[in-house]
Amino acid sequence: MSSVTLTQIKKSFGSVDVMNNIDLSIEKGEFCVFVGPSGCGKSTLLRLIAGLELVTSGKIVIGDRDVTHAEPSARGIAMVFQSYALYPHLTVRENIGFGLSLAKRPKAEIKAKVEAAAEALQLGHLLDRKPKALSGGQRQRVAIGRAIVRNPAVFLFDEPLSNLDAALRTQMRMELTDLHRKLGATMIYVTHDQVEAMTMADKIVVLNGGRIEQVGTPMELYNKPASPFVAGFIGSPKMNLIEGSAAEALGCKVYGIRPEHLCLSTTEGQWEANVRHIERLGAETILHLDTVVIGPLIARVAGEEVPPVGTKIFASAIEGREFRF
Amino acid sequence: MTRRQLMTGLLATAIASIIFLLPFIFIFVTATKSSQEASLLNFSLPGGWHLWDNFIKVLQARNYMLLLAYLNSTIITVCAVAIMVLCGAMIGYLLQRRSSRWNKIIYAMVMVGLIVPPAVVPTIWVLQGIGLFKTIHGMILIQVAYGLPFSVLMYRNFVAAIPQDLDEAAIIDGAKPLQVFFKVILPLLKPATVTLIVVKSIAVFNDFTHPLYYLPGRENVTVQLTLYNFQSQFETQYNLLFMNILLVTIPPLIVFIFFNRQIVAGMTAGAVKG
Amino acid sequence: MRKPKSAYPYWFVLPGAVIFTVLFLAPTVASFWFAFTRWDLYSAQFIGLDNFVQFFKEPFLVQGLWNTLIYAFLTSGTKSIFGLLLAVLLTSGIWAQGFLRTVVFFPVLVSTIGIGITFAALMHPTKGLINVGLDQIGIAGPGWLTSASLALYSIAFVDLWKGVGLATLIYIAGLSAISPDYYEAARIDGATRLQQFWRVTVPLVRPATVTVLTLSLIGGLRSFDLIWAMTKGGPGFSSDVLASVVYKQYQSGFYGLSTAGNVILFVLIAIIIVPMTYLFSRREVHQ
């Protein structure tokens, strides 16, 4: 049974269409990531599901209920904002229990639920502090705690890790994945970071210009990108995409090969190239090559033993790893 | 601190004391004198200490009118400022959060309200029409109408500093519009509210012109009206007149001591943006 | 299709809007009708421009108009000059700076009527402290409030005394917004203190000057209570301004004429303040 179903969603602001013909179904218990460059409509789509914006046309079903015109609070969703949106004048306890107290639940029930959520998120000792006195990671957890106590059918996350530093982000990625496993709830997660998408998602939805480019598991997107856009968006460093006459010579409009799928040789190969720039990352090295025939190429090789800048080398694509669009 | 700064400071303090403090000392000294001494209007120390005497006499004057005036002024100030704060915050919030073609009209009204002096006689006509002329209620609403533009402008600027995510989080948590406003927005506007309360309380309490027009009559006197009326009554009793001035000066002095920072913030915020 | 309600319902505006419209806007609009009538609050009879004709024929009413302009420009000009000088002094790190700021500002918060009565006593022609003081050093002080040619200026002085603190406060806020880098750059370029004041402070503190001038002009054109407390417009009509004329005509029962005075005051404020804000905001853009 699917948990969230979007049918023919369209959204316009004035005369500008920002979402067009979105059809999507997200299964129960799935961790679904909306990814795309800024302005692609991923946040708008999330806000449409949350009910913070209303669709221009189309239908939104959550569980088995049509919620297209329901109030946000009646959709069975909870949301974690990019800025966390913690109420600065309330303590952690009051922040987590805010929705319950608005719903006029008994005090004992609120207390029990808040404390259970806080325990699960290791916030027990911080309950009487104000958000100001918390670290970024702790604030993040409070925001998640506020979502948990609502016991929603669907969790919505709007770029929740983008305000954290790199180390904390990796840790929170793991915590969120753990949380997803523990709760077994449906989660929809918006990010512009393809690494987050790849590492956390059961299903990735790649959006571009208000349309869905492709839907699939992380490895499906990596191995079978449906378009040059998806091919270029997933994977780091970015796939080499060759267009124009060079691509036509290779039998397609756009020819793609990932940096990790290039073989280098000093003696022979597909394309003759010059080493222009070297980025050493320790375990691997990124080479920027200038080829004669197909222009610049990026190659990624293991280890640090690479020819110096200015050397002439040859690069070839690994059989079966090329993409022709 | 350089020697130059010290010397300038000493000189400035001496001059400021003469120019700005002397009148206040004069008020105090005269308020402690007997009526014969006070009528000389000079600056000598009082021969006898009549502070308490004068205080009681001023209170008893005209059948405890000053007490009634303090009561009326307090009621007007408290109610007017409370309504001003609430209405101003609601309008400022809506103005900042929801864009519509009405916004321009509201801004225009705010500017008109800040600049244009009220048309007094037509206002009396309107007040008579709705039965609020010479009433405390009418005076309260008048003060609200005159103070609202400043309040709206100030709140609008403060609401802009509150991220809209907070409203949305509350909406998802199931808050109705009034709950979003009262449980999330209004508590976060507290600094603006404190400043507004302080600045507007002083303004309403000190207002003389509008009670003069809209609150004639003995039963609804305010503090400023009483002071003005005492001026003619106590022509020969300067000690009581100045005791009255002293009493009128003390409330703002107390507010000033405790809320100096908020007053400065309110006066300059309203001014620089106005 | 049912539309969900906005989280920002329009009725939030309603309570304030009703109060403002009924008690401020409606009377203001109505005044443009009543100014053209003979009016006793119950019945109004249209008399065309008669009120305005009468206004400009009566010398003492015309004098009220001139006095309003003199008073407004005099007080706003002096407040702006002394406010800036005091602000410069009180941001230069002198001894007792905080105390001095407090002392200068406090009169702003005190009852205007109280201040008016106090200064009327201090300016008493024979017993007043000012003339007694002047007498000590051999000068015969004038009748500050009893001389027809002096009364308006004496009141303007008290207005300056009471209001300069607010101007100073605004200038202090304006001065502290000027980056010290400018002064350091000017010093490296060899500017003297006086040159720094004229070439750096005065131009860069302009937004504060605009605010001070606008606020004190609006206040000055509308001012009533200080004048009323000190002279009631006297001696004769020598210190009457538009606002006191409006009150006097109201007291005498000439409601139409009083309202015409009010309309003249609107127009005066509009033709002074509107071009001023337009001019200042435009020049700001061009800088």
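Please compute, for peptide B:160-169, the average count of beta-carbon atoms on other protein chains lying within 10 Å of each residue's beta-carbon. Walk me through the numbers before you get to the answer.
On the way: counts 0, 0, 1, 6, 4, 9, 7, 4, 10, 16.
The per-residue average across the peptide is 6.
Pop out the ³J(HN,Hα) list for the stretch A:37-42 in order, Karplus 6.51 cos²θ - 1.76 cosθ + 1.60 with θ = phi - 60°, rounded to Hz; leave Gly and Pro as x.
x, 5, x, 7, x, 5
With label points built 7 Å along Cα→Cβ from the Cα atoms of residue C:60 and residue B:101, find their separation and express it in nm.
5.2 nm
Would any residue of the stretch A:37-67 have its amide N under 18 Å from a label point 7 Å out along Cα→Cβ of residue A:151? List them or say none.
Within reach of a label on residue A:151, which here means backbone N under 18 Å from a point 7 Å along Cα→Cβ, the stretch A:37-67 contributes A:63-64.
Of the peptides C:239-250, B:118-129, C:9-20, B:215-226, how do they stack up when ordered by the mean number of other Cβ atoms within 10 Å, highest first? Present the calculation step by step, with values, prior to reporting the outcome.
On the way: C:239-250: 24.6, B:118-129: 21.9, C:9-20: 17.7, B:215-226: 20.1.
For the peptides C:239-250, B:118-129, C:9-20, B:215-226, the packing ranking is C:239-250, B:118-129, B:215-226, C:9-20.
Gap in Å between the Cα centre of the stretch B:97-132 and the Cα centre of the stretch C:112-183?
Each part reduced to its Cα centre gives a spacing of 34 Å.
Determine the sum of side-chain charges near residue A:195: Lys and Arg each +1, Asp and Glu each -1, restricted to other residues whose C-beta is under 11 angstrom from that of residue A:195. Don't skip to the end; give the middle numbers.
Details: positive: A:169, A:173; negative: A:193, A:196.
Overall, the nearby charge balance is 0.
Could I have the simple spin-label model distance between residue A:56 and residue A:280, label points 7 Å from Cα toward Cβ, reported in nm to one decimal?
Those two pseudo-labels are separated by 5.5 nm.
Taking the Cβ-Cβ separation of residue B:28 and residue B:261 as r and a Förster radius of 25 Å, what is the calculated FRET efficiency to the nearest 0.05? Walk me through the numbers on the way to the answer.
Working: r = 26 Å, r/R0 = 1.05.
Efficiency, from the Cβ-Cβ distance: 0.45.
Relative contact order, percent, of chain C when contacts are C-alpha pairs under 8 Å separated by at least 6 residues?
Details: 319 pairs, mean separation 81.6, N = 287.
Reported as a whole number, the value is 28 percent.
Summarise the partner chain shielding of B:201-209 as one whole number: the mean count of Cβ atoms from other chains within 10 Å of each residue's Cβ. List each step's numbers first, then the result.
On the way: counts 0, 4, 1, 0, 2, 9, 4, 10, 9.
What the average comes to for B:201-209 is 4.
Along its principal axes, what span do the Cα atoms of the stretch A:66-142 show, with the longest given first and each in whole Å?
Projected onto the principal axes, the Cα atoms of the stretch A:66-142 cover 40, 31, 23 Å.
Can you check how the C-alpha radius of gyration of the stretch B:76-161 compares to 2.2 N^0.38 Å, as a plain ratio?
In units of the 2.2 N^0.38 Å rule of thumb, it is 1.18.
Considering every residue in B:93-101, what mean count of other chain Cβ atoms within 10 Å of its Cβ is obtained? Intermediate results must be reported in sequence, preceding the final value.
Numbers: counts 3, 8, 3, 1, 4, 7, 1, 2, 0.
Averaged over the peptide's residues, the number is 3.
How many nm separate the modelled label positions at residue B:135 and residue A:133, each set 7 Å beyond the Cα in the direction of the Cβ?
In this crude label model, residue B:135 to residue A:133 measures out at 5.0 nm.
Using only protein heavy atoms and a 1.4 angstrom probe, determine the accessible area buried between B and A, summed over both sides, in Å² to the nearest 100. Working shown, then result.
Values: alone 16220 and 15520 Å², together 30160 Å².
That pair hides around 1600 Å² of surface in total.
For residue A:162 and residue A:290, FRET efficiency with R0 = 51 Å and r from the beta-carbon atoms, rounded to 0.05?
Working: r = 35 Å, r/R0 = 0.68.
The computed FRET efficiency comes out at 0.90.
Determine the share of the stretch C:138-257's accessible area contributed by carbon and sulfur atoms, expressed in whole percent, with a 1.4 angstrom probe. Present the calculation step by step, with values, prior to reporting the outcome.
Values: 3160 of 5050 Å².
C and S atoms contribute 62 percent here.
Can you pull out the buried accessible area for chains C and B, both sides counted, probe 1.4 Å, rounded to the nearest 100 Å²?
On the way: alone 17380 and 16220 Å², together 25890 Å².
Heavy-atom accessible area buried at this interface is about 7700 Å².
State the percentage of accessible surface on the stretch B:62-273 attributable to carbon and sulfur atoms; use a 1.4 Å probe and exclude ligands, DNA and RNA.
Working: 5370 of 8030 Å².
Summing carbon and sulfur atoms, their accessible area is 67 percent of the total for the stretch B:62-273.
Apply the Karplus parameterisation 6.51 cos²θ - 1.76 cosθ + 1.60, with θ equal to phi minus 60°, to every residue of the stretch C:209-225 and state each ³J(HN,Hα) to the nearest whole Hz, in sequence, with x for glycine and proline.
With coefficients 6.51, -1.76 and 1.60, one gets 4, 4, 4, 4, 5, 4, 4, 7, 5, 4, x, x, 5, 8, 5, 9, 5 Hz.
Over the alpha-carbon set of chain B, work out the extent along each principal axis and list the three values in angstrom, largest first.
Over chain B, Cα extents along the principal axes are 72, 64, 33 Å.
Using the Cα centre of the stretch A:127-186 as origin and beta-carbon charges of +1 (Lys, Arg) and -1 (Asp, Glu), tell me which of A:174, A:144, A:160 is placed farthest towards the positive end of the dipole.
A:144
When ligands, DNA and RNA are left out and all protein chains stay put, how many square angstrom of accessible area per residue does the protein assembly as shown have with a 1.4 Å probe? List each step's numbers first, then the result.
Values: 39400 Å² over 886 residues.
Normalised by residue count, the accessible surface of the protein assembly as shown is 44 Å².
Each residue of the stretch B:257-268 in turn: what ³J(HN,Hα) in whole Hz from Karplus with 6.51, -1.76, 1.60 and θ = phi - 60°, glycine and Pro shown as x?
4, 7, 10, 3, 4, 5, 5, 4, 4, x, 5, 7
I need to check one value: relative contact order of chain B, counting alpha carbon pairs closer than 8 Å and at least 6 residues apart, in percent. Each step should come with its number before you reach the end.
Working: 259 pairs, mean separation 84.3, N = 274.
Here the relative contact order equals 31 percent.
Helix A:166-183 versus the longest principal axis of chain A: what angle, 0 to 90°, nearest 10, using Cα atoms?
It works out to around 60 degrees.
Kindly flag which residue pairs out of B:134/C:248; B:33/B:200; A:132/B:176 have an alpha-carbon separation exceeding 29 Å in this structure. Write out the running numbers ahead of the final one.
Numbers: B:134/C:248 19 Å; B:33/B:200 34 Å; A:132/B:176 26 Å.
Exceeds cut-off: B:33/B:200.
The values are calculated or read from the model by the stated rules, or taken from the named source; none is laboratory data. Keep in mind that this is a model prediction, so the values were computed, not measured. All Cβ positions, glycine included, derive from the backbone under ideal geometry; neighbour counts span all protein chains shown. These accessible areas exclude ligands, DNA and RNA; they are computed on the full protein's heavy atoms, side chains included. Shrake-Rupley method; radii C 1.70, N 1.55, O 1.52, S 1.80 Å.
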